[in-house]
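K.L.:
Next up is a structure, given as structure tokens.
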Amino acid sequence: MNTMADRLIEAMTKSAARQYGKERVTELAHALQCAELAAGAGGDEEMVLACLLHDVGRYAVAQEEISDTLEAGAPRATKARRHHEAGADLIAPYVPERVTFLVRAHADAKRYLCAADPGYYDTLSPGSKHTLALQGGIMTADEAVSVATQPWWPDALRLRRWDDEAKIVGKATRPLSTWGPLLRKYFADSR
Ligand SMILES: [Fe+2]
């Protein structure tokens, strides 16, 4: 029987043929760049894993279940979930709670940084500004104060900064196979 690691590796391999939202890189290139940035900055294993898989809800979950790829105003299925929530739910049985938190938080981290860092919004790509609105828009001050009390929030912001940077066309990274042992460590069975 295929393990969850097999499923993820297959989905990530296929994501090399999928554009990352409105960006000019593929979903796989984006994931690999994000993981590489975390590893290069000395991120721990859980952080690197979270960076590698932060968009797993885009490419390893049936797209009928995802709502945030729809244009604003498009009808949404009532059970549709946002990609960060779908991804977090998918990996939750396999990974430490912190990894799940970081995957789930990566859209809110953008909403937070738009409220807390005056120059941040202007650094976002047009595609990321577009999805910001679909993800709930800029946080209110009260909301920002509340989320920042979460113990892993600083890690969520680090992931978010790498997520934003991991969109460079043609940037060299190590291949997906580099992360095979890491994926097989956490996703060794098929729950
Ligand atoms: Fe991303």
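K.L.:
Helix 153-165 versus the longest principal axis of the chain: what is the Cα-based angle in degrees, 0 to 90, to the nearest 10?
P.N.:
Value to nearest ten degrees: 80.
K.L.:
Taking H placed 1.01 Å from N in the peptide plane, check which residues at least 5 places from residue 66 or on another chain put their amide H under 5 Å from its amide H.
P.N.:
81
K.L.:
Over the chain, what is the mean sequence separation of C-alpha contacts under 8 Å (at least six apart), divided by residue count, expressed as relative contact order in percent?
P.N.:
31 percent
K.L.:
List the cysteines in the chain whose Cβ has no other cysteine Cβ under 4.7 Å from it.
P.N.:
114
K.L.:
Go through the stretch 141-147 residue by residue and turn each phi into a ³J(HN,Hα) via Karplus (6.51, -1.76, 1.60, θ = phi - 60°); whole Hz please, and just put x for glycine and proline.
P.N.:
My calculation for the stretch 141-147 gives 4, 5, 5, 5, 4, 5, 5 Hz in order.
K.L.:
Sticking with this one: Under 5 Å between amide hydrogens, which residues at least 5 positions from residue 26 or on another chain qualify, with H placed 1.01 Å from N in the peptide plane?
P.N.:
The list, which skips near neighbours in sequence, is 20.
K.L.:
Add +1 for every Lys or Arg and -1 for every Asp or Glu among the other residues with Cβ under 15 Å from the Cβ of residue 14, and state the total.
P.N.:
Taking every Cβ under 15 Å from that of residue 14, the sum is -1.
K.L.:
For the stretch 74-191, with all protein chains present and a 1.4 Å probe, just round the carbon and sulfur fraction of the accessible area to a whole percent.
P.N.:
57 percent
K.L.:
Please report how many Lys pairs in the chain have alpha carbons closer than 20 angstrom, counting only residues at least 8 apart along the chain or sitting on separate chains.
P.N.:
10
K.L.:
Here's a follow-up. Working from Cα positions, state the angle (0 to 90°, nearest 10) between the long axis of helix 4-14 and the longest principal axis of the chain.
P.N.:
70 degrees
K.L.:
Go through 90, 29, 50 and say which Cα lies farthest out towards the positive end of the charge dipole of the chain; charges sit on Cβ, +1 for Lys and Arg, -1 for Asp and Glu.
P.N.:
The residue sitting most towards the positive pole is 29.
K.L.:
Angle, helix 97-116 long axis vs. longest principal axis of the chain, Cα atoms, 0 to 90°, nearest 10?
P.N.:
Taking the Cα atoms of the chain, the angle to 97-116 is about 30 degrees.
K.L.:
Next up: Identify the trypsin sites (Lys or Arg not before Pro) of the stretch 1-56 meeting these criteria: DSSP loop state and at most 15 other C-beta atoms within 10 Å of the C-beta.
P.N.:
18, 22, 24
K.L.:
Keeping every protein chain present and rolling a 1.4 Å probe, give me the accessible area per residue for the chain in Å².
P.N.:
47 Å²
K.L.:
I need the calculated FRET efficiency for the pair residue 45 and residue 2, taking r as the beta carbon distance and R₀ as 25 Å, to the nearest 0.05.
P.N.:
0.60
K.L.:
Determine the gain in length on full extension of the stretch residue 124-residue 141; use 0.36 nm per residue of separation and subtract their C-alpha separation, reporting nm with one decimal.
P.N.:
4.1 nm
K.L.:
Does the chain come out rounded, prolate or oblate, given a ≥ b ≥ c as the square roots of the eigenvalues of its C-alpha gyration tensor, rounded meaning a/c under 1.5 and, failing that, prolate meaning a/b above b/c?
P.N.:
It is rounded, given that a/c, with a ≥ b ≥ c, falls under 1.5.
The values are calculated or read from the model by the stated rules, or taken from the named source; none is laboratory data. All values reported here derive from a predicted model rather than from experimental measurement. When we count neighbours, we look across all protein chains shown, and the Cβ atoms used for this are built from the backbone with ideal geometry, even at glycine. These area figures cover heavy atoms from the full protein model, side chains too; ligands, DNA and RNA do not enter into them. Shrake-Rupley method; radii C 1.70, N 1.55, O 1.52, S 1.80 Å.
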